[in-house]
1. Mind counting the residues in the stretch 1-37 that are at pLDDT 85 or above, more than 24 Å from M70 (Cβ to Cβ) and either out of contact with any strand residue (DSSP E or B) (no Cβ under 9 Å at 6 or more places or on another chain) or not aliphatic (A, V, I, L, M) (or both)?
2. Kindly evaluate E210 against the criterion of being among the charged types (D, E, K, R), out of contact with any strand residue (DSSP E or B) (no Cβ under 8 Å at 6 or more places or on another chain), modelled with pLDDT of 80 or more and exposed (fewer than 12 other Cβ atoms within 10 Å of the Cβ).
3. Looking only at residues that are surrounded by fewer than 22 Cβ atoms within 10 Å (Cβ to Cβ) and in a loop (DSSP other than H, G, I, E, B) in the stretch 19-32, which one is farthest from the chain's Cα centre (by Cα)?
4. Please enumerate the residues belonging to the stretch 112-158 that are farther than 18 Å from K51 by Cα, surrounded by 19 or more Cβ atoms within 10 Å (Cβ to Cβ) and touching a Gly at 6+ places or on another chain (Cβ under 8 Å).
5. Among residues belonging to the stretch 1-18 that are more than 14 Å from K125 (Cα to Cα) and charged (D, E, K, R), point out the one that is farthest from the chain's Cα centre (by Cα).
6. Would you mention how many residues in the stretch 131-173 are touching a helix residue (DSSP H, G or I) at 6+ places or on another chain (Cβ under 9 Å) and not hydrophobic (A, V, I, L, M, F, W, C)?
7. Those residues that are among the acidic types (D, E) and surrounded by fewer than 17 Cβ atoms within 10 Å (Cβ to Cβ), I need them from the stretch 159-178; list them, please.
8. Can you tell which of E39, E9 is farther than 17 Å from F174 by Cβ, touching a residue at least 12 places away in the same chain (Cβ under 8 Å) and not in a loop (DSSP other than H, G, I, E, B)?
Amino acid sequence: MDVKRNTVEFMVRGDRALFSDPVTRVGGEKTSYYVPTYEALKGILSSIYWKPTFIWVIDAVRVMNIIQTMSEGIRIKNYDGGNDLSIYTYLKDVCYQVRAHFVWNQNRTELVADRNEHKHHNIAKRMIERGGRRDIFLGTRECQGTVEPCIFGEGIGAYDNVNELNMGYMFHGFTYADEAIRAQGKGRLGVRFHQVVMKKGIIQFPSPEEIPDQDRRLLHKMSIKPFSVEKDNFSGLGEFNEEEINL
């Protein structure tokens, strides 16, 4: 496994998780995929530390606990008043090791001055040690989790001895307008899918650019919000006090 220079590794845990399959949402009920999606893990990393200067790329996830599910009745409010009872199927007692790295957002030329790899890498590692800058959610808001540093591959995983387990065709992630590399995706929100295979408890994710055209869909138009290093304080120092900077 190729480990990038600015790689981060962490463990995320939670009592439950809901990485919902879009197919199950039609009737108002939700059922979780058996493993986290690329987009869900990217969202967790964005809660740990995010800047528009760069884009998090998820390299791999390792499933540490046995995959278990549980169902729960949820009262959902209707737009016209009242509520309905829906059944949500969650994952239970989850624990994952995650490896990721970041790349510069080439569409953010206004933030070139903020491209300091050493600075962002060190801040990201400190935020992992502190449990993240914002609350961690495992798919949905009611599924809160915790993060902590780890060494990817250490410890005993529940599926270490399972050579291969095909998880099927799954949602990979969204391609936002400011992250699109391909010309036809710029200014549009896109969605990606891929075939997921877990080998010895580890799922290796293709990067967004590696997803072929047949597994992509362009949705609606999406504007790109402009940022400024000076105006939005993206120097990397303004968001931390002196004590944090010196740690």
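The values are calculated or read from the model by the stated rules, or taken from the named source; none is laboratory data. All values reported here derive from a predicted model rather than from experimental measurement. Glycine also receives a Cβ, built like all others from the backbone with ideal geometry; neighbour counts cover every protein chain displayed.
1. Of the residues in that region, 5 qualify.
2. Criteria met by E210.
3. Result: G27.
4. L138, C143, G145, V147, G157
5. By that ranking, first place goes to D2.
6. 12
7. Within the stretch 159-178, D160, E164 qualify.
8. On the way: E39 fails: farther than 17 Å from F174 by Cβ.
Residue meeting the stated conditions: E9.
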